[in-house]
Amino acid sequence: GIQVEQSPPDLILQEGANSTLRCNFSDSVNNLQWFHQNPWGQLINLFYIPSGTKQNGRLSATTVATERYSLLYISSSQTTDSGVYFCAVRNSGNTPLVFGKGTRLSVIA
Amino acid sequence: DTAVSQTPKYLVTQMGNDKSIKCEQNLGHDTMYWYKQDSKKFLKIMFSYNNKELIINETVPNRFSPKSPDKAHLNLHINSLELGDSAVYFCASSQDLASNGNGELFFGEGSRLTVL
């Protein structure tokens with residue numbers, strides 16, 4: 001099946017700093033999503049982005065499908081950005097999303 | 001209104017017991033899923049249902065039995081609970097690509113199961 005690798009596995013940032021999270025995948029995809037799991041365990045949809053670039057406030061994402069990677073940018077990080085960021089992909093039909101192992105982000109004041 | 005809702009949010013029980021987790025979605029989606037998140041935060045698919053029919057069963061022990069009475073509900077029943085079943089179970093839904101959806105996945109808030 002398709003493989004998903006996220007990097008870095010852990011990241012500690014000072015409040016106000018910017019960061020880039022990466023997701024590499026091993027096959028073509030028809031769906032790619034970024035999720036944020038907050039400290040309370042909720043999985044929040046950030047982006048549905050099988051290709052192209054999207055922005056939502058301080059967050060933006062870019063997927064280069066031909067090169068099999070996606071990037072999530074967090075600018076001016078805040079303590080509320082802390083949590084685990086997951087990339088998930090689907091490579092055919094309606095098969096379930098396959099998740100990466102996540103990037104654990106800690107933003108300190 | 002919550003789009004994908006699960007109950008209960010927390011469940012503590014003894015080994016050997018049987019328990020159920022319920023899930024309902026009001027998004028009008030035709031596909032529903034159960035994912036398991038282990039202690040290392042890894043999310044893995046367990047089951048997928050499309051219009052009440054099982055389409056994915058990812059080598060889950062047969063002590064786990066999903067039931068979908070209609071396309072808005074997908075319940076998970078677990079028999080003879082074991083210590084290793086302790087995890088957070090997430091329900092999710094999406095609209096099938098074949099039904100003019102884009103397959104975007106939406107999750108419930110999770111149900112934390114602790115087996116003692």
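Please treat every number below as a calculation from the coordinates, not as lab data. Please read these numbers as outputs of a predicted model, since none were measured by experiment. Reconstructed Cβ throughout: ideal geometry from the backbone, glycine too, with neighbour counts over all protein chains shown.
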Filtered hits (aspartates and glutamates, Cα-Cα < 14 Å from B:K71, offset >= 8 within chain) -> B:E24, B:D30, B:E53, B:D96
Roughly how compact is chain A, stated as its Cα Rg over 2.2 N^0.38 Å to two decimals?
-> 1.01
Simple spin-label estimate for B:F42 and B:Y10 in nanometres, 7 Å along Cα-Cβ | 2.8
What order do you get for A:E15, B:E53 when you list them from fewest to most C-beta neighbours inside 10 Å?
-> B:E53, A:E15
Summing +1 per Lys or Arg and -1 per Asp or Glu among the other residues with Cβ less than 12 Å from A:G1's Cβ gives 0
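Once the other residues with Cβ under 13 Å from the Cβ of B:N79 are scored (Lys, Arg +1; Asp, Glu -1), what is the net sum?
Its environment carries a net charge of 0.
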Within region A:94-109, find all residues whose amide N lies under 16 Å from a label point positioned 7 Å from the Cα of A:Q14 along Cα-to-beta-carbon.
-> A:106-109
Around B:D30: net Lys/Arg minus Asp/Glu count, Cβ-Cβ under 15 Å = -3
Determine the shielding of peptide B:99-105 by partner chains: average, over its residues, the number of Cβ atoms on other chains within 10 angstrom of each Cβ.
-> 5
Measuring from label point to label point, each 7 Å out along Cα→Cβ, what is the A:N56 to A:S75 span in nm?
-> 1.7
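Would you list A:L97, B:L116 from fewest to most Cβ contacts within 10 Å?
So the residues, fewest neighbours to most, are B:L116, A:L97.
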Which ³J(HN,Hα) values in Hz, rounded to whole numbers, follow from the phi angles of region A:68-85 under the Karplus curve 6.51 cos²θ - 1.76 cosθ + 1.60, where θ = phi - 60° and Gly and Pro get x?
-> 6, 8, 9, 10, 10, 9, 10, 10, 6, 4, 10, 4, 6, 7, 4, x, 10, 9
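Roughly how big is the protein assembly as shown's charge dipole about its Cα centre, with Cβ charges of +1 (Lys, Arg) and -1 (Asp, Glu), in debye to the nearest 20?
Dipole of the protein assembly as shown, to the nearest 20 debye: 220 debye.
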Can you work out the FRET efficiency for the pair A:S7 and A:T66, with r the C-beta to C-beta distance and R0 = 22 Å, to the nearest 0.05?
-> 0.65
